[in-house]
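Peer 1: Got a structure here, written out as structure tokens. Questions coming.
The values are calculated or read from the model by the stated rules, or taken from the named source; none is laboratory data. Remember, it's a predicted structure, so these values are computed and weren't measured experimentally. All Cβ positions, even for glycine, are placed from backbone atoms using ideal geometry, and neighbour counts span all protein chains on display. Note: accessible area is taken over every heavy atom of the protein model, side chains too, but ligands, DNA and RNA are not part of it. Shrake-Rupley method; radii C 1.70, N 1.55, O 1.52, S 1.80 Å.
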Amino acid sequence: MDEAMWAFGRASGFISLALFTASVLLGIVNRSGRPLLTLPRFSISILHRNIALLATVFLGLHVGSLMLDPFARLRPVDVLVPFLGSYRPLWQGLGTVALDLLLAVVVTALLRQRIGPRVFKAVHWFAYAAWPVAMAHALGNGTDAGSAWFLALAVASAAVVVGALLWRLSATFLETTRAREGRPL
Amino acid sequence: MGTILHIDWTRCDGRGLCTELLPAVLGRDDWGYPVARGYQGRARTDVPIEPRDEEAAQEAVSLCPTMALALRKAASRGD
Ligand code: HEM
Ligand code: SF4
């Protein structure tokens, strides 16, 4: 039973991180305004939202199961306040920081129509801060961090996220860049 | 009583989600902005929506990335 909670905590944390990585990538594609392969723009938007929400569900399972694990012994306060934990407080605290940031991103995204575009966009930038923090937490705190498969996946997803970020910052990122600069279509 | 789709041009960034969801109602200009098909003047900002398009219009309102769209009940103009 104890071992089960631990195993479940690791698996759900891993799935959550993978889904968050996918949400960041889909968020960037969404922002570019381009359709992707056969997916129209509105499908990317819906996919981005739904994968982000699924990642949040797995994040809840991750934290919930480790509260029940007799070794990790997460207390309710550790879920929201970082760096107080008993087991590797720094790395665990980074997980808490990522959770706080992502919670803010998800809540403001769901209340988007009510709070308006300014607040939504300002808070949504936290997504870019949360991803590396969550990754650092997984690498520093996780039981699987030393294993080759985990490191390989971490390096691969970091490479993809950095690549997407460079694309995000490039001059021709938006679908409409060319037309708006008055260049031929 | 009809429904109109109001486009707030100060917010719209021509991302093209609404033109995908309402292809029969909205075209897209070269800069990506939505253009009401078959309407001139005011109706390009307050676009009349047929009942069969209302659901798609509602979807566009909730998915528009810049929250530039709103559905309104139009007062009857006797047309
Ligand atoms: C916590 C999980 C989430 C992450 C990591 C995430 C990440 C991102 C990223 C990286 C972008 C691109 C931002 C930019 O460069 O301007 C983005 C855009 C966007 N996200 Fe999210 N997001 C999350 C949750 C959500 C949710 C739950 C919704 C909707 C309810 C949502 C709606 C949007 C929209 C509409 C955009 C496009 C904004 C624009 O085009 O101006 N996101 N997201
Ligand atoms: S979805 Fe919104 S931002 Fe995109 S073209 Fe339509 S009104 Fe403009």
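Peer 1: Return yes or no: is A:Ala127 assigned to a helix (DSSP H, G or I) and away from chain B (no Cβ under 14 Å)?
Peer 2: Numbers: assigned to a helix (DSSP H, G or I): yes; away from chain B (no Cβ under 14 Å): yes.
Yes; evaluated as a whole, the condition is true for this residue.
Peer 1: Now, a different point. Which of the residues that make up the range A:73-91 are over 18 Å from A:Leu61 (Cα atoms) and in a helix (DSSP H, G or I)?
Peer 2: Listed by number, the residues that qualify are A:Pro89, A:Leu90, A:Trp91.
Peer 1: Please determine, by comparing only the residues of the range B:45-74 that are within 16 Å of B:Val35 (Cβ to Cβ) and surrounded by fewer than 19 Cβ atoms within 10 Å (Cβ to Cβ), which one is nearest to ligand 2 (Cβ to nearest atom). Steps first, answer last, please.
Peer 2: In the first step, residues of the range B:45-74 are kept if they are within 16 Å of B:Val35 (Cβ to Cβ); the result is B:45-49, B:53, B:57, B:60, B:64, B:68-69.
Still in the running and surrounded by fewer than 19 Cβ atoms within 10 Å (Cβ to Cβ): B:45-46, B:48.
Details: B:Thr45: 11, B:Asp46: 13, B:Pro48: 16 Å.
Filtering first and then ranking leaves B:Thr45.
Peer 1: Next question, about the same structure. Which fully enclosed strands (runs of 3 or more DSSP E) of chain B have 1 or more residues being touching a Phe, Trp or Tyr at 6+ places or on another chain (Cβ under 7 Å) and more than 16 Å from ligand 1 (Cβ to nearest atom)?
Peer 2: On the way: elements: B:2-7, B:26-28, B:34-36, B:46-49, B:69-74.
Those strands (runs of 3 or more DSSP E) span B:46-49.
Peer 1: Please list, ordered by first then second residue, the pairs with beta carbon atoms under 8 Å, 6 or more apart or interchain, first in the range A:39-51 and over 18 Å from B:Thr66 (Cβ atoms), second away from ligand 2 (no atom under 16 Å from the Cβ) and assigned to a helix (DSSP H, G or I).
Peer 2: Every condition considered, the pairs that remain are A:Leu39/A:Leu47; A:Leu47/A:Leu26; A:Ile51/A:Leu19; A:Ile51/A:Ala22; A:Ile51/A:Ser23; A:Ile51/A:Leu26.
Peer 1: Let me ask something additional. Quick test of your reading of the structure: A:Ile44 fulfils all but one of (1) open to solvent by less than 70 Å² (accessible area, probe 1.4 Å); (2) away from chain B (no Cβ under 14 Å). Name the failing condition by number.
Peer 2: (2)
Peer 1: Only one of (1) assigned to a loop (DSSP other than H, G, I, E, B); (2) within 13 Å of A:Leu17 (Cα to Cα) is not met by A:Phe173, so which one is it?
Peer 2: Every listed condition holds for A:Phe173 apart from (2).
Peer 1: Additional query: In the range B:1-20, what residues are near ligand 2 (Cβ under 8 Å from one of its atoms) and aliphatic (A, V, I, L, M)?
Peer 2: B:Ile7, B:Leu17
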